[in-house]
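The values are calculated or read from the model by the stated rules, or taken from the named source; none is laboratory data. The shown structure was predicted, so the numbers you read here are calculated from the model rather than taken from an experiment. Quick reminder, even Gly has a Cβ in these numbers, built from the backbone with ideal geometry, and neighbours come from all protein chains shown.
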Amino acid sequence: MLVVDASAFASWAFPDEGRDRVSQALIRVMTQEESATSTAIFPLEAMHAAGRALARGRFSPAAHQHVLRLLSRLPVALAPMRVSPLEFWSWSQPLGLTPYDAAYLRLALDLEAPLVTMDRALQRACHQIDHPVITDLT
């Protein structure tokens, strides 16, 4: 089981990223060799990033459609947040995470699963609390 965030998906799916840093993990998810889950905000964050990349001319409308097709076919289960907002805020702030990023880490902790991310703040937080993080499987 892996927990996947939107930055990992972008590094794999966006045609201009030019990195294979987490591609092996996501290919294993796509081929269902590895199960994956994410927060309920995952598809929204991934779509937002793809839309911003399209608006900035990072890739063509055809590439944008390809990214959305990949996202729609990625077999990632979506988990609800089961922590009160006050508890969640109190927990995430000492780690220096946005609430969005903290949601991915909290889910990974709850599931005792590695977090697949390219986000530097999330990587730092994982190291700070000694939680497994996947940033490079090539």
Given (1) at pLDDT below 90; (2) surrounded by fewer than 17 Cβ atoms within 10 Å (Cβ to Cβ), I134 misses just (2)
Checking the structure you have, find out if any residue of the stretch 96-109 is within 17 Å of W12 (Cβ to Cβ) and touching a strand residue (DSSP E or B) at 6+ places or on another chain (Cβ under 9 Å). yes
What's the total number of residues in the stretch 50-93 that are over 21 Å from A40 (Cα atoms) and either exposed (fewer than 10 other Cβ atoms within 10 Å of the Cβ) or in contact with a strand residue (DSSP E or B) (Cβ under 6 Å, 6 or more places away or on another chain) (or both)? 5
Is it true that some residue in the stretch 8-25 is within 19 Å of D119 (Cα to Cα), touching a Lys or Arg at 6+ places or on another chain (Cβ under 8 Å) and among the hydrophobic types (A, V, I, L, M, F, W, C)? yes
